[in-house]
Each structure stands twice: as structure tokens, then as C-alpha cells.
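Scroll down for the structure; my scribbles are underneath it.
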Amino acid sequence: MRKSKCLLWSVLMTFLFVMVNAIHGQNLITDYAPHTKVGQEPPLWLKNKVTPVQYDSLVAFSKFFAVNYNYFKQRNLTQKDIQVFVNRTGQLLKDKELLQQIRQKGGEACKYSMDLRPETLHPFAVSADKDGAGRKYIIYSEIDGYDAHAMLTAKASADGSTSLSNLNVVPYSLSGLKVELSNMLIHEAGSKSAESAQQIGFDDKGRSKVYEVSGLLKVEDAMGNVHTQLIDKTIRLMAE
């Protein structure tokens, strides 16, 4: 009987401990951190997926960025997909202006991740006028869970479903955090243009072609800490 009471008491105290921690917002499970630290070599399991030359290239990239390598864990990953990642990181290493910005920015490490799968985006705001309608899309919002986003504003054609023009990417935060964007570029996937697209068309189903989005997003949190993310993703816009 005494052992049963001790066991019951132990279970009760454990339950109370968990509840108290939950109330105070403490997580008893260690947070998952998908990004490596700057200067930390890519994980060893990556050597089973890439060539020695590709691995050395990623080692060089890791000297500047905190990298998320989950890209290499996706199913049906081809050698072409792998080369796309390696080529992209190689291009970024050649961007001296970008690397200089990262050196000077201070704060936490600049994070990098990549996904080949295009994200389908619908406008979250539509404003109508006599000449057409304005559209607003959140094209990026994946930086450490903060209310910090890259927003695309555009002017729709008169019928609202043919095309977008007057494209402009601006920082956006509902809570008023200080968000900065730099080197933003939107162009059709596969295009080597160094200039952003000026117009995006829609097909008869209200879908755009796939576009690549890149740039640098920086946010300062309420404690004054600076967080930076290198944007590199593909999107498909919907008219409605």
C-alpha cells in the first residue's frame, strides 16, 4: 500500500511539474534546429548524396551561412536537383556585394534554405478602383517565427484576371517590427535576367508561371536582436 501511495504521489508531482512548465511557456523538449552554425561543415550523411567536389563547395558556402540541408532529404531527389542546389550556393558565393552585407549586418547568422517545389499563393488583399484592382501577396514569411514578411504589391488588369503590373516588393509586419529587404529579385523560373519582372500574366485558370524569388530579409526583434534570412524560393501566383 505504501509503495502504491509513493508511486501515485510521484506521478502526481510529475504531472504538476509538466503543467507548471506548460503554463510558463517552457518547452521540455529541446527545440529542433534545422540550420547548421556558420563555419560548421555540412553533415556527414550528405557525403552519401553528393560528390566530393560538391561537398567541398558546400563547405565553402557554410563559412558564410547557417544552412538548412533538409532539401537533400526529400524523396525522389535527382542528381539534377542536387546540382541545382550546389550551383545556386556557388552563385551566391560569387555575389561580393551580398557577402559584404552579411559581414557588416551584425546580429545572428544569416540563414539559408531552398525548396524547388513552387508555393501557390493567393492574394490576401484586393482593392478595386476604376482602372483595375490592387493585389497584395505575402511571398515570404519564414524567418524564425517572427511577424516579418516580404509582401508583393501589384496592379491587376481591368478584368482582374489577365495580368499583374507595377510589381513592388516591400517589407511588412502587422506588429510593427523593423523589417528590411535588400537585393530583391523576382523573375521567371529558369531566366538568367538580373532584373525583376515588370509584369506577370495569368493563364485561363488564373495561374501564373513559376517565378523565382530571391533577396535578403532582416528583422530586429523587440529585444534589439537582428535576424537575417536569405530568401531563395519559387512561387506561383493566383489571380484570386
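Things to note:
- Lys47 - accessible surface, heavy atoms, 1.4 Å probe, Å² rounded to 10: 110 Å²
- Contour excess over end-to-end distance, with Cα ends at Arg236 and Leu44 and 0.36 nm allotted per residue: 65.7 nm
- Computed over neighbours whose Cβ is under 13 Å from that of Met184, the net charge equals -2, Lys and Arg +1, Asp and Glu -1.
- Heavy-atom accessible area order for Leu93, Leu217, largest first, 1.4 Å probe: Leu93, Leu217
- These residues, Lys178, Lys155, go from largest to smallest accessible area, 1.4 Å probe, as Lys178, Lys155.
- Within the range 169-210: backbone nitrogen closer than 16 Å to the Gln74 label point (7 Å, Cα to C-beta): 189-190, 210
- Accessible area per residue was computed with a 1.4 Å probe on protein heavy atoms; Phe124 scores about 100 Å².
- The slack in the chain from Leu185 to Asn225, taken as 0.36 nm per residue of separation less the alpha-carbon distance, amounts to 11.8 nm.
- For Arg207, net neighbour charge (Lys/Arg +1, Asp/Glu -1) across residues whose Cβ lies under 12 Å away: 0
- Val179 accessible area, 1.4 Å probe, all protein chains in place, Å² to nearest 10: 20 Å²
- Near Ala125, once Lys and Arg are set to +1 and Asp and Glu to -1 for all other residues with Cβ below 11 Å from its Cβ, the sum equals +2.
- Available extension along the chain between Ser141 and Asp115 is 7.9 nm, counting 0.36 nm per residue and deducting the alpha carbon span.
- Per-pair calculated FRET efficiency, R0 = 35 Å: Lys178 and Gln83 via Cβ, rounded to 0.05: 0.40
- Accessible area in the full protein assembly, largest first, 1.4 Å probe, for Arg207, Arg75, Arg236: Arg75, Arg207, Arg236
The values are calculated or read from the model by the stated rules, or taken from the named source; none is laboratory data. The structure presented is a predicted model; accordingly, all values stated were derived computationally and were not measured. As a convention, Cβ positions derive from the backbone with ideal geometry for all residues, glycine included, and neighbour counts pool all protein chains shown. Calculation scope for accessible area: heavy atoms of the full protein, side chains included, ligands and nucleic acids excluded. Shrake-Rupley method; radii C 1.70, N 1.55, O 1.52, S 1.80 Å.
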